[in-house]
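Data first, discussion second: the structure below is written as structure tokens.
The values are calculated or read from the model by the stated rules, or taken from the named source; none is laboratory data. Since the structure is predicted, the reported quantities are computational estimates derived from the model, not experimental observations. We place every Cβ from the backbone using ideal geometry, glycine too, and count neighbours over all the protein chains shown.
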Amino acid sequence: MRDESMLSYRFRLYPSKTNPVAEAEKPPVKARSSSHGDGHSTNCVTMSSPKRPEKYEVPNWDYIYTLCIRVARLVEHSGYCPDLIVAVSRGGWIPGRILSDVLGLPEVATVRVEYYKDIYKTRSKPEITQPVSTDVNGKKILLVDDIADSGNSLKIVREHLFERGAKEVKICTLYHKPWSVVIPDFKARNTDAWVCFPHEIFETMGKIYSRLRKQGKTKLEIKRKLLSIGIEPHLVKRFFLRASRNVD
């Protein structure tokens, strides 16, 4: 057991000028290039489709860090003092590492769950392919992922941690979607858009590219689509250099 006197130090963050809960619950922006009132912005765009509207949000690295700070404040204000962080592989790695630093929790474990096959195609049920990497018996866990989308993967990981003897598990995500079957205990932002995270931007572009190629779109049309979503031109250029060798 850790010294509780150290927890107040480890969880002491710089005070927020705004209510952290109210700040974290700001509704998703609608404009293409949107300010969040904190000096950072994301590109957000809605595009029409005969089948369904496509909405994308493209946060940059600075904004991801801002969301980590927001959600860390929520953990702090809740009084929850986890023994360790369990990051869901792979989306939870980066926020998990940042929260480890901000909250002063040096122990970070991982668990791998495979769910997504493509943007609009998923397996019927996620599967844990790598069990939690450390002993969690009797411990309080902060389960971290970048987004709660369907929520099924977080649900199965939480069950897995309890099966391994975890005393308490609270879920922490940067983004939360309204249809998720799991409501995170701590969340920084609500959205109904497809979030193109900077740590998986090339993977996301590859999925969009493959889907649009199957629809008969030309490379030029796909390039324009990626740019219109708000992905940086130099990243789109790099993707197409690689795609010319590896895709098709």
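Among the residues making up segment 61-85, those that are buried (at least 17 other Cβ atoms within 10 Å of the Cβ) and among the hydrophobic types (A, V, I, L, M, F, W, C) are 64, 67, 68, 69, 71, 72, 74, 75, 81, 84, 85. Checking 161, 154, 174, 220 one by one, the residue that is of a type outside the set (D, E, K, R) and not assigned by TED's automatic domain parsing to the domain that holds residue 94 is 220 and no other.
Residue count for segment 88-102, restricted to those that are under 12 Å from the mean Cα position of the chain (by Cα), farther than 10 Å from residue 172 by Cβ and either modelled with pLDDT of 95 or more or of a type outside the set (D, E, K, R) (or both): 5. Pairs meeting the criteria (first residue in segment 117-145 and assigned to a loop (DSSP other than H, G, I, E, B), second residue modelled with pLDDT under 95, beta carbons under 6 Å, at least 6 apart or on different chains) are 118/207; 119/207. Residues that are among the acidic types (Asp, Glu) and farther than 17 Å from residue 111 by Cβ number at least 1 in the following helices (runs of 4 or more DSSP H) confined to segment 152-248: 201-214, 219-229. Is it fair to say residue 216 is without any contact (Cβ under 8 Å) to a residue 12 or more places away in the chain, small (Gly, Ala, Ser) and out of contact with any strand residue (DSSP E or B) (no Cβ under 8 Å at 6 or more places or on another chain)? The answer is yes for residue 216. Kindly evaluate residue 31 against the criterion of being under 13 Å from residue 143 (Cα atoms), of a type outside the set (Lys, Arg) and either touching a strand residue (DSSP E or B) at 6+ places or on another chain (Cβ under 9 Å) or modelled with pLDDT of 85 or more (or both). It is false that residue 31 is under 13 Å from residue 143 (Cα atoms), of a type outside the set (Lys, Arg) and either touching a strand residue (DSSP E or B) at 6+ places or on another chain (Cβ under 9 Å) or modelled with pLDDT of 85 or more (or both).
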